[in-house]
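A.B. asks: One structure, pasted below without further comment.
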Amino acid sequence: MQGKEKTTPADWIKNAIREFTPSAENSLGGREHEPAWSEPLTGFSRGDDPLYLRFKDDIGDFYWTPLEIFEKTFPALKVTAAELTVISWILPQTEKTIHDNRNEKERPSKRWARSRKFGEEFNVRLREQVVALLRGRGYEAVAPANSPYFEIQTSARFGPASTWSERHAAYVVGLGSLRLPGKPCAAVQLLPAWASRRRRVPMTTLTRTASFFPGGPAAHASSAVPQGRSAGKGTIKSAAWSMYTQLHLRM
């Protein structure tokens, strides 16, 4: 007689994220309380994956590796990059938002704009929830995008750039493609000293291939970028950044 399958740390984290997502806090706001996001996808990577150093070289010295933000948050702890696990999840746009954005030519749809604001507010709470869950089990963890040290700086190559990129981390774990335009979904990650306490989360089902390819469902949820913009020296990104500051006009 076979016993019950043992729940792995990876399954535990995935289930916790999946169970919190249908809560009432996952909303576009307004009277309808329409969900901002559909079911999440979750993945894991090693804290010493060489891609994180490559991102730093590419974006700028201000960009954090997993070890740098962990040490900044917990200066008294002595860990190595190999002892850290990066947890990344993606909150895909809903079918309604994808449908609306297909009809837009110059700006994101109203649903997309509301997901940018109210959906991200939910994402902030979700980060807090998972950090609290991990710390409750004895693991130190930090959500870089929620960190008081998180800020936007200027990359010489790409224009406005944050000290930590959720999109880039999602790429490392195999949940997204950096070639997707705009911000099709939200991804977050936390950096617990996981491997120092337990066996590393298995990576057997994850690859570097994107779960959503250009032309797939996430691509249709991307924001519309102003036409006629050059890609040189971060011009498109700067134009899009400026456009994001005006999204409240469509809410």
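Residues checked against (1) farther than 26 Å from N15 by Cβ; (2) exposed (fewer than 14 other Cβ atoms within 10 Å of the Cβ); (3) of a type in the set (F, W, Y):
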| residue | (1), (2), (3) |
| --- | --- |
| L77 | yes, yes, no |
| T80 | yes, yes, no |
| S88 | no, no, no |
| E95 | no, yes, no |
| N123 | no, no, no |
| L126 | no, no, no |
| G138 | no, yes, no |
| N146 | no, no, no |
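A.B. asks: Being in a loop (DSSP other than H, G, I, E, B) and either over 26 Å from R135 (Cβ atoms) or touching a strand residue (DSSP E or B) at 6+ places or on another chain (Cβ under 6 Å) (or both) narrows it down to one residue among G43, G30; which is it? If you could, list the steps in order and put the result at the bottom.
C.D. replies: Details: G43 fails: in a loop (DSSP other than H, G, I, E, B).
One residue alone meets the criteria, G30.
A.B. asks: Another question, then. Would you mind finding the one in S38, S88, S115 that is of a type in the set (S, T, Y), in contact with a Phe, Trp or Tyr (Cβ under 9 Å, 6 or more places away or on another chain) and within 30 Å of Y139 (Cα to Cα)?
C.D. replies: The unique qualifying residue is S88.
A.B. asks: Could I ask something else about it? Any chance the range 97-106 includes a residue that's assigned to a helix (DSSP H, G or I) and either of a type in the set (S, T, N, Q) or buried (at least 23 other Cβ atoms within 10 Å of the Cβ) (or both)? Spell out how you get there, then give the answer.
C.D. replies: Residues of the range 97-106 that are assigned to a helix (DSSP H, G or I), as a first pass: 97-102.
Going one step further and asking which of them are either of a type in the set (S, T, N, Q) or buried (at least 23 other Cβ atoms within 10 Å of the Cβ) (or both), we end up with 97, 101.
So far as the range 97-106 goes, yes, one or more of its residues are assigned to a helix (DSSP H, G or I) and either of a type in the set (S, T, N, Q) or buried (at least 23 other Cβ atoms within 10 Å of the Cβ) (or both).
A.B. asks: If you take the residues of the range 54-86 that are outside any loop (DSSP other than H, G, I, E, B) and in contact with an Asp or Glu (Cβ under 7 Å, 6 or more places away or on another chain), which of them is farthest from W164 (Cα to Cα)? Step through it out loud before you land on a result.
C.D. replies: Keep residues of the range 54-86 that are outside any loop (DSSP other than H, G, I, E, B), which gives 54-59, 66-73, 81-83, 85-86.
Now restrict to residues that are in contact with an Asp or Glu (Cβ under 7 Å, 6 or more places away or on another chain): 81-82.
Details: A81: 16, A82: 19 Å.
Restricting to residues being outside any loop (DSSP other than H, G, I, E, B) and in contact with an Asp or Glu (Cβ under 7 Å, 6 or more places away or on another chain), the top hit is A82.
Listed here are the residues, each with its yes/no results for (1) within 19 Å of S27 (Cβ to Cβ); (2) at pLDDT 90 or above.
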site	(1), (2)
S109	yes, yes
F118	yes, yes
E121	yes, yes
Q129	yes, yes
R137	no, no
A145	no, yes
E151	no, yes
T154	no, yes
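A.B. asks: Related question: Assuming R116 fulfils every condition listed in (1) buried (at least 22 other Cβ atoms within 10 Å of the Cβ); (2) of a type outside the set (D, E); (3) under 15 Å from the mean Cα position of the chain (by Cα) apart from one, which condition is it?
C.D. replies: Exception for R116: condition (1).
A.B. asks: Specify which of the listed residues (A161, A156) is more than 17 Å from T85 (Cα to Cα), touching a residue at least 12 places away in the same chain (Cβ under 8 Å) and over 19 Å from the mean Cα position of the chain (by Cα).
C.D. replies: On the way: A161 fails: over 19 Å from the mean Cα position of the chain (by Cα).
Of the residues listed, the single one that is more than 17 Å from T85 (Cα to Cα), touching a residue at least 12 places away in the same chain (Cβ under 8 Å) and over 19 Å from the mean Cα position of the chain (by Cα) is A156.
The values are calculated or read from the model by the stated rules, or taken from the named source; none is laboratory data. All values derive from a computational prediction rather than experimental measurement. Positions of Cβ are backbone-derived with ideal geometry, glycine not excepted, and every protein chain shown enters the neighbour counts.
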